[in-house]
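**Student:** Just passing along the structure, written as structure tokens.
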Amino acid sequence: MGILKKRDIKAIEKEFEQLKNPVKLVYFTQEMECQFCEQTRELLEDVVKISDKLSLHVYDFVKDNDKALQYGIDKIPALVIEGTKDHGIRFFGVPSGYEFTSLLSSIIEVSRGESGLSEKTKQLVKQIRTPMHIQVFVTPTCPYCPGAVILAHKLALECDAIRGDMIEAIEFPHLAQKYSVMGVPKVVINDEIEFEGALPEDMYVAQLMGALKG
């Protein structure tokens with residue numbers, strides 16, 4: 001039994017008219033599926049049925065350890081949105097609730113190969129060579145979280161040195177505790193720069209560049 005309702009599928013079909021190139025959803029689970037792994041897999045199976053430009057590739061986190069290492073996956077459920085290459089776009093935890101918007105947005109942008117960022121931002125991030133890791137802590141009920149996740153994924157799409165992770169704080173309490181997540185969205189860049197809230201693009205990028213200088 002699918003997770004998506006008929007009215008949801010109709011709306012997504014309209015969104016997916018924007019798809020241009022094939023997109024692989026690379027999903028990591030395990031044989032004895034974790035609490036949210038089954039729900040995530042069922043959601044992704046529903047999504048890929050909506051467009052023939054999408055494909056789902058499922059790997060076992062333990063048995064396919066080589067693949068997990070290749071994609072830098074260290075926890076599950078984990079999802080990679082891959083286009084012509086791996087752009088560093090990651091979801092850790094089920095992308096449900098408001099975060100379903102982030103999933104659809106990332107699929108469309110990867111398929112189109114266009115981040116939608118301003119020219120000023122594109123020029124700034126184009127110069128980045130140092131690896132940058134953006135972790136965005138979210139909860140499914142947070143209406144401001146998708147903006148922070150989508151920006152992280154746009155930056156990752158625009159620059160090979162950037163990796164953007166959505167991390168569902170409730171599913172990974174050890175990480176939420178490690179980074180003192182008291183409110184969401186909380187963004188952590190290279191374990192150095194931290195901020196809360198959905199910042200506009202220019203302020204978000206300023207924080208990113210600050211972490212680079214640090």
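**Student:** Excluding G93 itself, calculate the net charge of residues whose Cβ lies under 12 Å from the Cβ of G93, where each Lys or Arg counts +1 and each Asp or Glu counts -1.
**Tutor:** Charge balance in the 12 Å sphere: -2.
**Student:** Separate question: Could you compute the net charge surrounding D60? Neighbours are other residues with a C-beta less than 15 Å from the C-beta of D60; K and R count +1, D and E count -1.
**Tutor:** Summing Lys/Arg as +1 and Asp/Glu as -1 gives -2.
**Student:** Could you give the length gained on full extension between S96 and K10, defined as 0.36 nm per residue of separation minus the Cα-Cα distance, in nm?
**Tutor:** 29.2 nm
**Student:** Cut-off is 10 Å between beta-carbons; in what order do R112, R7, R163 appear when sorted fewest neighbours first?
**Tutor:** By the 10 Å Cβ count, ascending, the order reads R7, R112, R163.
**Student:** Using a 10 Å cut-off around each Cβ, can you sort I73, I81 from fewest to most neighbouring Cβ atoms? Mind dumping the intermediate values first?
**Tutor:** On the way: I73 22, I81 25.
In increasing order of surrounding Cβ atoms, one gets I73, I81.
**Student:** With +1 assigned to the C-beta of every Lys and Arg and -1 to the C-beta of every Asp and Glu, and no other charges, what is the dipole magnitude of the range 6-213 about the Cα centre in debye, to the nearest 20?
**Tutor:** Numbers: 24 positive and 32 negative charges, 105 e Å.
Using Cβ point charges on Lys, Arg, Asp and Glu, the range 6-213 gives about 500 debye.
**Student:** Would you tally the net charge around K75, using a Cβ to Cβ cut-off of less than 13 Å, leaving K75 out, and scoring K and R as +1, D and E as -1?
**Tutor:** Details: positive: R90, K178; negative: D74, D165, E168, E171.
In short, -2.
**Student:** Could I ask something else about it? Which residue, H87, H57, H133, has the most motion in a Gaussian network model of the chain that connects Cα atoms within less than 10 Å?
**Tutor:** Among H87, H57, H133, the largest mean-square fluctuation in the Gaussian network model of the chain belongs to H57.
**Student:** Under 8 Å for C-alpha pairs, at least 6 residues apart: give me the relative contact order for the range 6-213, rounded to a whole percent. Provide the component values of the computation, followed by the final result.
**Tutor:** Values: 359 pairs, mean separation 39.3, N = 208.
Contact order relative to length: 19 percent.
**Student:** List the pairs from K53/K213; K5/K126; K14/K213; K75/K154 whose alpha-carbon separation is above 32 Å, in the order I gave them.
**Tutor:** In this structure, K53/K213; K5/K126; K14/K213 lie more than 32 Å apart at Cα.
**Student:** Here is a follow-up. Assuming a ≥ b ≥ c are the square roots of the Cα gyration tensor eigenvalues, decide whether the range 62-214 counts as rounded (a/c under 1.5), prolate (otherwise, with a/b larger than b/c) or oblate.
**Tutor:** rounded
**Student:** Gain in length, Q127 to H57, computed as 0.36 nm per residue apart minus the alpha-carbon separation, to one decimal in nm?
**Tutor:** Length difference between fully extended and current span is 21.9 nm.
**Student:** Another question, if that's okay. What list do you get for Y71, Y204 if you sort them by fewest beta carbons within 10 Å?
**Tutor:** Details: Y71 18, Y204 23.
Ranked by crowding around the Cβ, least crowded first: Y71, Y204.
**Student:** On a 0 to 90° scale, report how tilted helix 99-112 is relative to the longest principal axis of the chain, with both axes built from alpha carbons and the result rounded to the nearest 10.
**Tutor:** In the chain, helix 99-112 runs at an angle near 80 degrees to the longest axis.
**Student:** Here's a follow-up. Using 0.36 nm per residue, how much length does the chain from E38 to F172 gain when fully extended, once their Cα-Cα distance is taken away?
**Tutor:** Length gained, E38 through F172: 46.6 nm.
Bear in mind these aren't lab numbers, they're just calculated from the coordinates by the rules spelled out. Note that the structure is predicted; figures quoted are calculated from it, not measured. Here Cβ is always computed from backbone atoms with ideal geometry, including for glycine, and neighbour counts include all displayed protein chains.
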